[in-house]
Every structure is written in structure tokens, then in C-alpha cells.
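Got a structure here, written out as C-alpha cells. Questions coming.
The values are calculated or read from the model by the stated rules, or taken from the named source; none is laboratory data. Bear in mind that the values here come from a model prediction, so they are computed numbers and not experimental data. Here the Cβ is made from the backbone with ideal geometry for all residues, glycine too, and neighbour counts use every protein chain on show.
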Amino acid sequence: MDIIRSVKDMQQLIIDQKRKGKKIGFVPTMGFLHEGHEKLIQNARENNDIVVISIFVNPLQFGPNEDFERYPRDEEHDKLISENNHVDFLFIPTVEAMYPSELAIAMDLTKRVDVLCGRTREGHFSGVVTVLAKLFNIVLPDNVYFGMKDAQQIAVVDSLINDLNYPIQLNPVPTVRESDGLAKSSRNVYLQEQERKVAPSIFQALQFGQKMVIDGEKNPVIIVKEVENFILQQTTGKIDYVEILSYPELTPVQTINQQVILATAVHFKNARLIDNIVIDHTGLISKRI
């Protein structure tokens with residue numbers, strides 16, 4: 001495994017691999033790798049000749065009161081995980097390498113952002129698409145891999161790839177969970193002991209909402225209310241949102257007669273956890289974007 005820190009070196013290595021006819025699989029991350037990231041890497045390994053992982057905590061996607069400075073980092077751990085999963089190139093640029101000067105071009109989104117996490121994290125997804133546009137141009141991937149835990153991000157990446165005509169295949173990978181159902185997340189380390197005990201109820205609440213759809217309930221207002229009540233009764237967290245929207249368009253629905261996302265974000269003392277399920281009109285888990 002080669003560790004690359006220079007943008008130009010990374011670009012040149014990829015160009016060399018492309019000339020050899022190699023297919024490139026790319027997993028963009030912010031590091032502190034866990035089993036969820038490993039699943040993405042494994043998917044990339046199965047379908048590509050070369051696997052590239054980036055580790056970059058992107059300052060553009062953090063708001064003024066968010067946790068950029070305290071976002072968990074452990075480069076040695078990330079190197080070990082990457083090597084154990086047979087990554088070919090580990091790209092670890094600095095902020096200065098990625099943003100050597102003030103950006104002259106601002107990327108903005110007009111759809112798929114003013115809901116879910118985007119409603120309370122102004123500018124977050126603009127930062128996401130900015131760094132991904134740069135990374136896509138650096139790594140030149142054929143395939144990119146993202147976890148469905150952040151389904152809104154996948155919807156936004158889908159827009160980025162389609163609107164800007166990137167010759168890239170987007171590959172969503174099912175959320176990896178702890179044995180009790182809690183979605184794997186780098187932020188889980190911030191949960192206090194009692195919070196960790198009740199946090200799995202977030203996924204249970206989503207499953208409860210899914211069962212309502214399976215049993216015939218099609219009114220999103222009723223389902224959202226029941227999911228909210230479940231979370232409030234079973235956890236000590238504060239609900240940021242519970243929403244049902246079309247997916248991947250992320251628009252409001254009056255009745256569940258199409259593919260939708262049931263998503264939630266819950267605040268605990270030092271951690272904000274997100275989770276979701278994407279289902280078809282019958283309530284079955286959907287496997288497509």
C-alpha cells in the first residue's frame with residue numbers, strides 16, 4: 001500500500017494506472033475508519049483493479065458550531081485498517097494541499113439539501129460537493145462507494161455525478177450496524193454509557209415505522225408521529241427530525257406510493273446520530289438509488 005499526500009502525485013499515479021487499463025474504485029472518507037468503511041473498501045476491492053481511499057476531514061462541510069477540531073482522528077489506525085483490507089493507495093492530503101488558496105468558484109445546491117440534515121446544517125452539502133468534485137478530479141475513479149447511513153449524501157452525490165457528467169458509477173452500500181442495530185459511526189465514541197444503551201432504539205423506531213407501511217399505513221404524517229413517539233419514549237435523546245421523503249429526489253410526499261426514505265437525526269449530549277431506511281411502497285427495503 002502506498003501513502004500519498006501530494007495532489008499532483010496522486011493524480012499522476014492514477015493517470016499511470018489508467019494508461020494500463022486499470023479500473024479505479026474510490027472510497028472517500030474522513031478517517032477514523034470502522035467496520036462500515038471496511039465494508040465499502042471490500043465492495044470496491046471486489047469490482048476494481050485499484051482501490052483508493054482518501055482520508056480528509058473537510059473543513060468546508062463543518063459549520064461554525066460543529067466539531068471540526070474535535071472530529072476523531074487516528075492516522076495510524078486508519079493505515080492499519082487500509083492495509084489489512086488491501087487498499088492500493090491511501091490518499092491523505094492536508095487542508096493546505098486541498099485548498100492552497102481561497103476558492104474562486106463556489107459550488108451551491110438548489111435541490112435535495114433543504115431537508116433532513118441540510119435544513120439545520122447550512123452550507124454543509126456545498127462543502128461536501130466541493131471536496132468531492134476536487135477528489136473526483138484527482139482520483140479519476142470509475143466507481144465510488146458510499147454508505148447508506150448517510151442517504152442524503154448519496155442523493156447529493158447522485159446529483160453531482162449526473163449534473164456535471166462525471167463518468168463515474170455511484171455504488172451505495174447498506175448501512176453496517178452493531179449487533180444491537182446501532183449504525184456504525186465515528187461519532188459513536190462520544191456517547192455516554194447510558195446513551196449507548198438506548199441508542200439502538202433509533203433503528204428500532206425506524207423499523208416500527210417500516211412495519212406500519214408493511215401493515216398498510218400510507219399516511220406519512222401518521223407514521224412520522226409514531227416514530228417520534230417511539231424515540232422519545234425509548235431514548236434520552238432530543239429529536240432533530242423525523243421525515244419521510246421521496247428518494248432520491250428528497251421531496252415531500254402526501255402518500256407512500258413510491259420509493260421513500262424514512263430518516264431521523266437524534267441529539268445526545270456530545271453526539272448527533274443519524275439513521276434511515278429506504279423502502280418501496282410496500283415497505284420492503286429498497287436496494288436501488
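May I ask you to list pairs of residues, at least six apart or on different chains, whose Cβ atoms are under 6 Å apart, with the first in the range 124-135 being closer than 16 Å to Val27 by Cβ and the second being at pLDDT 95 or above and small (Gly, Ala, Ser)?
Leu135/Ser54
Something else about it: Looking at the range 216-259, which of its residues are aromatic (Phe, Trp, Tyr) and closer than 23 Å to Ala155 by Cβ? So that I can check it myself, show each step before the final result.
First, pick out the residues of the range 216-259 that are aromatic (Phe, Trp, Tyr): 230, 241, 247.
The answer is Tyr241, Tyr247.
Step by step: first the residues of the range 201-212, then only those that are in contact with a strand residue (DSSP E or B) (Cβ under 9 Å, 6 or more places away or on another chain) and over 9 Å from Thr235 (Cα atoms), then the one that is surrounded by the fewest Cβ atoms within 10 Å (Cβ to Cβ). Which residue is that?
Gln207
Return a yes/no flag: does the range 177-186 have any residue that is closer than 22 Å to Arg70 by Cβ, surrounded by 17 or more Cβ atoms within 10 Å (Cβ to Cβ) and charged (D, E, K, R). Don't jump to the end; show me each part of the working.
Narrowing the range 177-186 to residues closer than 22 Å to Arg70 by Cβ: 182-186.
Restricting the remaining residues to those that are surrounded by 17 or more Cβ atoms within 10 Å (Cβ to Cβ) gives 182-186.
Among the residues that remain, those that are also charged (D, E, K, R) are: 184.
Yes, the range 177-186 contains at least one residue that is closer than 22 Å to Arg70 by Cβ, surrounded by 17 or more Cβ atoms within 10 Å (Cβ to Cβ) and charged (D, E, K, R).
Residues Asn85, Asn143: which one is surrounded by fewer than 19 Cβ atoms within 10 Å (Cβ to Cβ) and among the polar types (S, T, N, Q)? Reasoning before the result, please.
Values: Asn85 fails: surrounded by fewer than 19 Cβ atoms within 10 Å (Cβ to Cβ).
Just one listed residue meets the conditions, Asn143.
Now, a different point. Give the residue that is surrounded by the most Cβ atoms within 10 Å (Cβ to Cβ), with candidates limited to residues of the range 224-242 that are farther than 19 Å from Ile256 by Cα and of a type outside the set (Val, Ile, Thr).
Step one: list which residues in the range 224-242 are farther than 19 Å from Ile256 by Cα, which gives 229-240.
Those left that are additionally of a type outside the set (Val, Ile, Thr): 229-230, 232-234, 237-238, 240.
Values: Asn229: 13, Phe230: 20, Leu232: 15, Gln233: 9, Gln234: 16, Gly237: 23, Lys238: 13, Asp240: 17.
Looking at the filtered set, the residue picked out is Gly237.
Listed here are the residues, each with its yes/no results for (1) touching a His at 6+ places or on another chain (Cβ under 6 Å); (2) modelled with pLDDT of 95 or more; (3) among the aliphatic types (A, V, I, L, M).
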residue: Val7; (1), (2), (3): no, yes, yes
residue: Lys20; (1), (2), (3): no, yes, no
residue: Thr29; (1), (2), (3): yes, yes, no
residue: Ile50; (1), (2), (3): no, yes, yes
residue: Pro59; (1), (2), (3): no, no, no
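Another question, if that's okay. Among Ser54, Ser6, Ser82, which is the only one that is closer than 30 Å to Arg119 by Cα and in contact (Cβ under 8 Å) with a residue 12 or more places away in the chain? Write out each step before concluding.
Working: Ser6 fails: closer than 30 Å to Arg119 by Cα; Ser82 fails: closer than 30 Å to Arg119 by Cα.
Just one listed residue meets the conditions, Ser54.
For the range 20-40, name all the residues that are within 14 Å of the chain's Cα centre (by Cα) and aliphatic (A, V, I, L, M).
Passing the criteria: Val27, Met30, Leu33, Leu40.
Output the residues belonging to the range 265-283 that are under 30 Å from Arg196 (Cβ atoms) and either free of Cβ contacts under 8 Å to residues at least 12 places away in the same chain or outside any strand (DSSP E or B) (or both).
The first filter runs over the range 265-283 and keeps only residues under 30 Å from Arg196 (Cβ atoms), leaving 265-279, 283.
Scanning the range 265-283 gives Phe268, Lys269, Asn270, Ala271, Gly283.
Check off (1) buried (at least 20 other Cβ atoms within 10 Å of the Cβ); (2) out of contact with any Pro (no Cβ under 8 Å at 6 or more places or on another chain) for Pro64 and give me the number that stays unchecked.
(1)
Based on this model, can you work out whether Tyr145 counts as aromatic (Phe, Trp, Tyr), without any contact (Cβ under 8 Å) to a residue 40 or more places away in the chain and under 28 Å from Lys8 (Cβ atoms)? Lay out the reasoning, then the answer.
Numbers: aromatic (Phe, Trp, Tyr): yes; without any contact (Cβ under 8 Å) to a residue 40 or more places away in the chain: no; under 28 Å from Lys8 (Cβ atoms): yes.
Here the answer is no, as Tyr145 does not meet what is asked.
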